[in-house]
Amino acid sequence: MTMKSTAERPAVELSHNMKPRQLTMMGLGSAIGAGLFLGSGAGIQAAGPAVLISYLVAGTLIILVMWALGEMAAANPNSGAFSVYAERAMGKTAGATVGWLWWLQLVVVIAAEALGAAGLLFSVWPVIPVWALALVFMVVFTAINLVGVKNFGEFEFWFAILKVAAIVIFLGIGGALLFGLLPDVASPGLSNIATDFAPAGLGGIATALFVVIFAFGGTEIVSVAAAETEDPEHSVAKAIRTVVWRILVFYIGSVFVIAAVLPATSGALASPFAGVLDAARIPGASTAITLVAVVALLSALNANLYGASRMVYSLSERGEAPAILSRLSGAKVPMVAVGVSVAFGFIATVLELLFPEKILPALFQLVGSTCLVVWGTALVSQLILRRRADREGTPLPLRMKGFPGLTVFGLVLLGVIFAVGLSAESSRIQLISTVLLIAGIAAACWAGARFTASRDAVRAGSARD
């Protein structure tokens with residue numbers, strides 16, 4: 001098969017009501033979540049200011065992956081996105097495996113985000129217990145996902161606007177602090193960066209790299225949402241161009257300010273944005289940034305539930321999941337797929353509340369490196385499909401520049417990250433667990449395909465008789 005300029009859509013289609021502005025802000029907002037507002041502190045604790053190197057490496061990789069996904073999504077906007085592209089490039093088992101793997105990652109993260117947002121909100125508003133808040137969040141965002149993609153996109157648009165505004169204000173205050181422009185507040189200068197840039201050496205940078213990669217995870221949801229966007233060929237190109245440079249500016253800029261203001265040993269890194277604002281003597285900073293982090297988590301929960309439901313819907317459309325999962329509501333929403341996706345999140349949330357610090361850490365150990373596998377699959381698929389399209393003379397509405405050199409460079413970068421991860425004890429178990437999970441899913445997908453083929457052959461034979 002080749003990439004096509006128009007998607008092969010099912011007889012009963014998903015709606016195409018998402019606006020280009022919503023797609024752009026979704027791509028930006030999905031990368032600006034708890035990984036930045038909270039996880040950046042963990043990265044600095046692990047590597048010191050040298051965490052900037054980890055962000056540059058991961059940022060370069062995600063730019064290459066987004067370019068590759070953008071090329072394929074513009075040519076074939078499909079709710080299965082990289083799962084569909086992997087199937088066309090490497091076969092049904094590869095496509096089904098990466099689709100189920102990504103779905104599993106998202107439904108685990110949904111539970112973590114509901115609990116995380118509930119815990120943060122409870123810390124500043126200790127009225128409703130954490131378990132009740134978490135369940136309320138799950139119910140509310142399930143409802144949002146069921147009312148139609150246009151409404152979902154509008155929620156994500158305003159969530160992203162709020163997060164971006166918070167970061168812009170933070171960068172302004174942080175810059176004023178570093179340049180000594182705030183009254184009665186001494187500037188820390190760049191002494192933290194200059195005197196002890198890499199306190200933990202290469203090992204710290206490697207450890208921080210996996211924290212950073214997890215923070216960038218979710219950006220690929222733009223390729224999933226392209227299937228429900230108006231004029232996807234042009235919308236995807238605009239979203240990709242906008243997202244990649246803004247991610248680097250916001251991430252690198254924010255982390256630079258935090259690393260310059262807060263030493264790697266500072267306890268304030270537990271909530272790094274609040275720590276910087278406290279250092280700038282901004283009243284109410286901790287409460288304000290905590291509420292922004294709550295919004296960031298809820299935005300990610302909303303987007304991940306959307307992405308999970310669309311992926312399992314696509315798997316169902318391709319015969320890789322039960323047919324009932326492709327049933328659409330009157331609003332053209334895969335309601336059963338939404339229900340199944342959120343059900344796992346409900347179960348994981350309840351179990352985590354019953355057995356604190358046991359369920360989610362175990363699940364994250366399995367799916368923690370999933371985004372690396374998804375990104376690698378996307379690059380390999382683009383390499384194969386672009387060569388196929390060029391060989392057959394298929395026109396593409398969006399072409400990744402620097403092909404194949406940049407695609408190969410992205411794969412080499414991924415290989416280096418895997419090698420570094422396997423050499424570090426802190427990430428080795430996670431990588432091995434993810435590989436074993438992939439092997440299990442692939443075996444199940446292969447066996448399922450064989451069973452379905454055999455069953456269909458028997459039915460065809462019975463029909464002829």
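The values are calculated or read from the model by the stated rules, or taken from the named source; none is laboratory data. Just so it is clear, the model here is predicted, and its values are computed rather than measured. Because the Cβ atoms are built from the backbone with ideal geometry, glycine has one as well, and the counts that use them run over all protein chains shown. Ligands, DNA and RNA are excluded from the accessible area calculation, which covers all protein heavy atoms including side chains. Shrake-Rupley method; radii C 1.70, N 1.55, O 1.52, S 1.80 Å.
Brief remarks follow.
- Pick from the stretch 147-169, criterion over 21 Å from the mean Cα position of the chain (by Cα) and open to solvent by 20 Å² or more (accessible area, probe 1.4 Å), ranking: modelled with the lowest pLDDT: Val147
- Identity of the residue in the stretch 376-397, in a loop (DSSP other than H, G, I, E, B) and open to solvent by less than 40 Å² (accessible area, probe 1.4 Å), that ends up nearest to Thr434 (Cα to Cα): Leu396
- Test set (1) farther than 30 Å from Pro20 by Cα; (2) of a type in the set (A, V, I, L, M); (3) open to solvent by less than 50 Å² (accessible area, probe 1.4 Å) - Val243 fails condition number: (1)
- Among (1) open to solvent by 50 Å² or more (accessible area, probe 1.4 Å); (2) within 28 Å of Asn76 (Cα to Cα) - the single one Val416 does not satisfy: (2)
- When each of Ser426, Ser433 is tested for being assigned to a helix (DSSP H, G or I) and open to solvent by 80 Å² or more (accessible area, probe 1.4 Å), the lone residue that passes is Ser426.
- Tally, over the stretch 398-409, of residues that are touching a residue at least 60 places away in the same chain (Cβ under 8 Å), open to solvent by 50 Å² or more (accessible area, probe 1.4 Å) and part of a helix (DSSP H, G or I): 2
- Top-ranked residue in the stretch 430-463 [being among the β-branched types (Val, Ile, Thr) and more than 21 Å from Glu87 (Cα to Cα); ranked as modelled with the lowest pLDDT]: Val458
- Residue list for the stretch 114-138, filter: open to solvent by 50 Å² or more (accessible area, probe 1.4 Å) and of a type in the set (Phe, Trp, Tyr): Phe122, Trp125, Trp131
- Looking only at the stretch 295-336, residues that are assigned to a helix (DSSP H, G or I), in contact (Cβ under 8 Å) with a residue 40 or more places away in the chain and either open to solvent by 10 Å² or more (accessible area, probe 1.4 Å) or not β-branched (Val, Ile, Thr) (or both) come to 23 in all.
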